[in-house]
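Please treat every number below as a calculation from the coordinates, not as lab data. What you see is a predicted model, and the numbers here were worked out from it, not measured in a lab. Reconstructed Cβ throughout: ideal geometry from the backbone, glycine too, with neighbour counts over all protein chains shown.
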């Protein structure tokens with residue numbers, strides 16, 4: 001792969017990321033040791049932005065894969081394709097990352113079938129290799145290659161969970177929604193609103209998060225707060241913006257919607 005092809009995977013502008021603990025130092029140490037890393041936390045709390053930020057800071061290409069239940073091993077490692085000259089091999093994103101020394105980020109890896117995630121095992125121990133059985137090739141990972149996966153423990157079940165044989169190949173960083181002052185800072189910066197509005201949005205989120213497990217599967221994420229702030233910054237009335245971004249996406253239950261609407265009305 002040419003340098004021009006590799007450039008498409010580079011993060012060229014610094015993403016905004018607000019550290020909340022020692023996650024930057026821990027990730028750097030894990031990267032230096034080439035230890036695979038698992039990011040654990042609820043949806044919309046900043047896991048993907050963190051990976052993007054670290055790829056920029058380390059100057060490494062970033063290849064992201066959005067995992068889903070229909071994803072096969074071939075989708076990750078590659079397959080033969082037909083063209084005018086017959087067949088040709090096309091590397092998958094995991095193979096490409098291993099060859100060029102990119103950070104490969106498997107987002108919500110628990111959504112992938114367990115027989116698919118097994119293909120990452122040889123890359124996550126001392127071997128750092130990827131067998132391409134259909135091609136008869138053993139790819140030795142570039143020295144800068146790093147594997148990162150994200151995992152939402154709140155969605156785990158007997159049918160959708162990572163095997164222990166997979167989990168114990170990774171170091172893990174816990175992510176959660178930041179404390180109120182920090183979250184308000186993030187919402188104000190990303191959503192383009194003043195500090196007072198951002199603080200009100202965060203207070204609504206805190207009330208909704210207390211309902212998790214009591215009618216809501218998930219609380220309001222930081223991502224949704226930024227959506228609400230963005231609409232407000234565009235001139236949409238705060239109550240309408242909150243209804244669209246903080247209430248309607250979370251639930252269709254009339255009673256729960258009314259509860260969330262009341263929480264919005266308290267602040268706006």
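At a glance:
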quantity	calculated
Whole-Å distance, taken between Cα centres, linking the range 4-52 and the range 176-246	23
Label-to-label distance, nm, for residues given as residue 35 and residue 262 (7 Å Cα→Cβ offset)	4.7
Top of 205, 229, 180 by mean-square fluctuation, Gaussian network on the chain, Cα under 10 Å	180
For the chain, built as a Gaussian network whose Cα springs stay under 10 Å, the top-fluctuating residue of 192, 86, 46	86
Spatial extent of the range 26-182: Rg and Dmax, with the Cα atoms as the point set, Å	16.0, 60
On Cα atoms only, tilt of 254-267 relative to the major axis of the chain in degrees	70
All-pairs Cα distance distribution in the chain, expressed in whole percent, bin size 10 Å	6, 26, 29, 22, 13, 4, 0
Rounded tilt (10° steps) of 222-233 against the dominant C-alpha axis of the chain	60
Among 197, 129, 87, residue whose mean-square fluctuation peaks in a GNM of the chain (springs only between Cα atoms under 10 Å)	87
Average Cα contact separation per residue, the range 3-174, under 8 Å, 6 or more apart, as relative contact order %	30
Principal-axis tilt of helix 23-32 within the chain, Cα atoms, nearest 10 degrees	0
Distance in nm between pseudo-label sites at residue 234 and residue 255 (7 Å out along the Cβ direction from Cα)	3.4
